[in-house]
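Report on the structure given below.
Each reported figure results from applying straightforward, stated rules to the coordinates on display, with no laboratory input. Since we're looking at a predicted model, the values are computed, not measured. Reconstructed Cβ throughout: ideal geometry from the backbone, glycine too, with neighbour counts over all protein chains shown.
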Amino acid sequence: MTKAELVEEVARAAELNKRDAEVIVETVFDSIIGALHKGEKVELRGFGSFRTRERGPRRGRNPKTGEPVDVPAKRVPYFKPGKELKEYFTESPASPAAAEGSVAPASPVTEPAASSEVASSPVGDGGASTQSTAEGSGEESSSGGSTI
């Protein structure tokens, strides 16, 4: 789904014109981005939470030349799906959602093991296995968060 499709869906569901729906969608996105920029976490009950993590400096490689490059430390956003969202995708095909015509995966979605692939992903956190690492190391901001 694109942002334009999301705006259309909000306009249809709320019986608004597209301009008003676009303002709503932009406001939600700007609010999430602003909270993350301030170091807060954003929790949308039933959907998931957005947070930031600190990535330390590392030694990388220029893919074109193979030359070593120093990559500076940075903050990266990530999303952790909520319980209800996870359950929606791990339901069995005989569930009510599957009977209503929605497509459910043939097998449950498994969470990847903690690996360098999970640690390097700027968007996903790979599940609960990396959450304890972030919470235990003090990487998460203590400035509270936004809960909707």
Straight-line reach from Lys83: which lysines fall under 19 Å, measuring Cα to Cα and dropping same-chain residues less than 8 apart? Lys41
Most exposed first by the Cβ proxy, i.e. fewest other Cβ within 10 Å, how do Asp20, Asp30 rank? Asp30, Asp20
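Can you put Tyr88, Tyr78 in order, fewest other beta carbons within 10 Å first? Could the numbers behind the result be given before it?
Values: Tyr88 15, Tyr78 18.
Ascending Cβ contact count within 10 Å gives the list Tyr88, Tyr78.
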Could you list which residues have their amide H under 5 Å from that of Lys41, counting only those 5 or more apart in sequence or on another chain, with H placed in the peptide plane? Gly145, Ser146
For the stretch 15-32, 3J(HN,Hα) per residue [Karplus equation, 6.51 cos²θ - 1.76 cosθ + 1.60, θ = phi - 60°, Hz, x = Gly/Pro]: 6, 10, 7, 5, 5, 5, 5, 5, 4, 4, 4, 4, 5, 4, 4, 4, 5, 5
Hits in the stretch 19-42: amide N under 12 Å from the 7 Å Cα→Cβ extension of Arg75, namely 33-42
Please give the charge dipole size of the stretch 1-76, origin at the Cα centre, charges +1 on K and R Cβ atoms and -1 on D and E Cβ atoms. Round to the nearest 20 debye. 680 debye
Glu67 versus Arg45, label points 7 Å from Cα toward the beta carbon: distance in nm? 5.4 nm
